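I have placed the structure first, in the form of structure tokens, so that the comments after it can refer back to it.
Please treat every number below as a calculation from the coordinates, not as lab data. What you are looking at is a predicted structure, and each value in this text was computed from that prediction instead of being measured. Cβ sites come from the backbone with ideal geometry, for glycine too, and all protein chains shown count toward neighbours.
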Amino acid sequence: MAKYLLLKHYRGAPAAVNDVPMEEWTPEEISAHMQYMRDFANRLVKTGEFVGEEALTPEGTFVRYDGEGRPPVTDGPFAETKDLIAGWMIIDVDTYERALELAAELSAAPGAGGRPIHEWLELRPFLGKSLLITE
Amino acid sequence: MTPPPTPPPSPLPAGDELVLRTLTPAVLAVLVRRGADFAAAEDAVQDALVEAVRAWPKDPPRDPKAWLITVAWRKFLDAARSEAARRRREELVEEQPEAGPAPGVDDTLQLYFLCAHPSLTPSSAVALTLRAVGGLTTRQIAAAYLVPEATMAQRISRAKKTVSGIRFDRPGDVATVLRVLYLVFNEGYSGDIDLAAEAIRLTRQLAAAVDHPEVAGLLALMLLHHARRAGRTSADGAIVPLAEQDRSLWDTTMIAEGVGILQAALARDELGEFQAQAAIAALHADAPTADETDWVQIVEWYDELTRLTDSPVVRLNRAVAVGEADGPRAGLAALAALDDTGLPRYAAVSAYLHERDGDTATAARLYAEAARKATHLAERDHLTRQAARLNARLKEGS
């Protein structure tokens, strides 16, 4: 039982096999893609492995503290930022192998021409919260 | 600002709620014995528990168990009737079955076996055990494991389907049950459910139902670890290493109980993994100060444990004990013999032994490496702090 984060990147991951920007797909292909994602999440709820998911806008802002009584400083977005997260899903699975299997399934979502995108997803284990017997 | 979520109403005093949960497996067993299939019976018992929480404060029953059986059976019949109406086969459920013999400890034991059945994944077995044997609600289990309630509901529902065809009267393997209870215990506590305490309660109940030295061994192990919980973390949640723990915070009554249970189990001369682990925990709990720990005996128990399991994790822990018993060089030699640097905590153990050996620079580097490889938050913070402590010492020295 371990939680994993599946990260989808706008930028920063290696190129997908079927690497066509979404705006060049047909509307039907976009619908098919969205349906695949919904079905995937629903399936995970049914298997008892779903924790959560969200999609993110492509543009964000960098923010930092600028001292007592001063407004926060903002900057960006930076076009050159290498890593840009598009969205995430959290799963709770029994084994690492199962996490790999699910990530691969998500990566097979259909894209241009209805063919799987073969998109690279980043799989990150969560740090556990409970204290295991360590002594 | 959204207001904080209100907790679900629970007018029952905590003691009564525990009584309720303690009765869960026996009530469930009665329904199964009367011919209800496991999944439907389990749903009916959950419904009855919910109704008890509502009804008991105003109208406490004279015989809580009989009350629960009556209400659960009615819930089962109601559900079966509506199901039957749908399928046009009322006649099947209209017959009132014989009550059958009174449920005994064997029924409870069968429930443990069923919920830990090898056909279930570990997470499913854990969830089903907590609900069907522990009497926890899906919401409570979901909160404890930090997953949405809908996800946990599906996990439990699938688990019930998986075991629905399994005969209830066939004896199972105690070892599978112990593994599930051990998993629950190791989850500690998050939210308002203390899973470690719940694991102890369920293991105690199991020990009452079956006479098995490893069940006693696991119960002793849990008690001996749980007794030291108050000393194990600081107020801000940071790990306090065993040697630095305030031993006056340990629960001596619980330690005495654990030691007593362990001694009775060991006297039967059927050593197993949990008894050996409990023996090591007992030697730690028994030492008035860290310096008085009997490390030589602890190494001997690790040798027994290696013989029983030959797990690399055990040999890693043994290297720590050897380091204490025979000095850090001996510990490092034991570690080198392990030949498996990929193990979780290998770098942490190596760092510890190098520091004891006076090699601060290597220890600092290894602690930082161990922190990067840590799989738990508190553990990572602890290892980072160790690295920082040694790096500060190195800067002072230079």
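For B:K75, list the lysines whose Cα falls under 16 Å from its own Cα; do not include residues on the same chain fewer than 8 positions away. Within the straight-line limit of under 16 Å, B:K75 reaches these lysines: B:K65.
With a cap of 10 neighbouring Cβ atoms within 10 Å, and only residues DSSP puts in a loop, list the trypsin sites (Lys or Arg not before Pro) found in region B:317-385.
Answer by residue number: there is no such site.
How large is the dipole of the protein assembly as shown about the Cα centre if only Lys and Arg carry +1 and Asp and Glu carry -1, each at its Cβ, rounded to the nearest 20 debye?
Details: 57 positive and 77 negative charges, 165 e Å.
Dipole of the protein assembly as shown, to the nearest 20 debye: 800 debye.
Summing +1 for each Lys or Arg and -1 for each Asp or Glu among the other residues whose beta-carbon sits under 13 angstrom from that of B:I261 gives -1.
Decide, for region B:211-293, between rounded, prolate and oblate: order the square roots of the alpha carbon gyration tensor eigenvalues as a ≥ b ≥ c, take rounded if a/c falls under 1.5, and otherwise choose prolate if a/b is larger than b/c, else oblate.
Prolate.
Order these by the 10 Å Cβ neighbour count, fewest first: A:K82, B:K160, A:K8. Numbers along the way, then the final one.
Working: A:K82 8, B:K160 24, A:K8 21.
In increasing order of surrounding Cβ atoms, one gets A:K82, A:K8, B:K160.
Could you tell me which of rounded, prolate or oblate describes region B:112-172, using a ≥ b ≥ c as the square roots of the eigenvalues of the alpha-carbon gyration tensor, with rounded for a/c under 1.5 and, failing that, prolate when a/b is larger than b/c and oblate otherwise? Since a/c reaches 1.5 and a/b is larger than b/c, the shape of region B:112-172 is classed as prolate. Near the amide H of A:R11, within less than 5 Å, lie the amide hydrogens of A:L84, all on another chain or at least 5 residues away, with H placed in the peptide plane. The mean number of Cβ atoms from other chains found within 10 Å of a Cβ in peptide B:148-161 is 3, as a whole number.
With the highest mean first, a sort of the peptides B:243-255, B:116-128 on other beta-carbon atoms found within 10 angstrom per residue produces B:116-128, B:243-255.
What fraction of the Cα pairs in the protein assembly as shown, stated in percent, has a spacing above 31 angstrom?
The share of Cα pairs beyond 31 Å in the protein assembly as shown comes to 58 percent.
The three principal axes of the C-alpha atoms in region B:250-398 carry coordinate ranges of 57, 34, 30 Å, sorted with the longest axis first. If only the Cβ of Lys and Arg carry +1 and only the Cβ of Asp and Glu carry -1, the dipole of region A:1-123 around its Cα centre is close to 160 debye. The value given for chain B is a Kirkwood hydrodynamic radius of 23.7 Å, derived from the mean inverse Cα-Cα separation. For peptide A:83-92, the mean count of partner chain Cβ atoms within 10 Å of a residue's Cβ comes to 1. Give me the log10 of I(q) over I(0) for chain A at q = 0.10, 0.12, 0.13, 0.16 Å⁻¹, as the Debye formula computes it from C-alpha points; what are the numbers? Results for chain A at q = 0.10, 0.12, 0.13, 0.16 Å⁻¹ read -0.44, -0.60, -0.69, -0.92.
Eigenvalues of the alpha-carbon gyration tensor of region B:172-258, scaled by 5 and square-rooted, set the equivalent ellipsoid semi-axes at 25, 15, 10 angstrom, largest first.
How shielded is A:42-52 by partner chains, expressed as the average number of their Cβ atoms within 10 Å of its Cβ atoms?
Values: counts 0, 0, 2, 6, 6, 6, 17, 6, 6, 5, 3.
Other-chain Cβ atoms within 10 Å of each residue's Cβ, averaged: 5.
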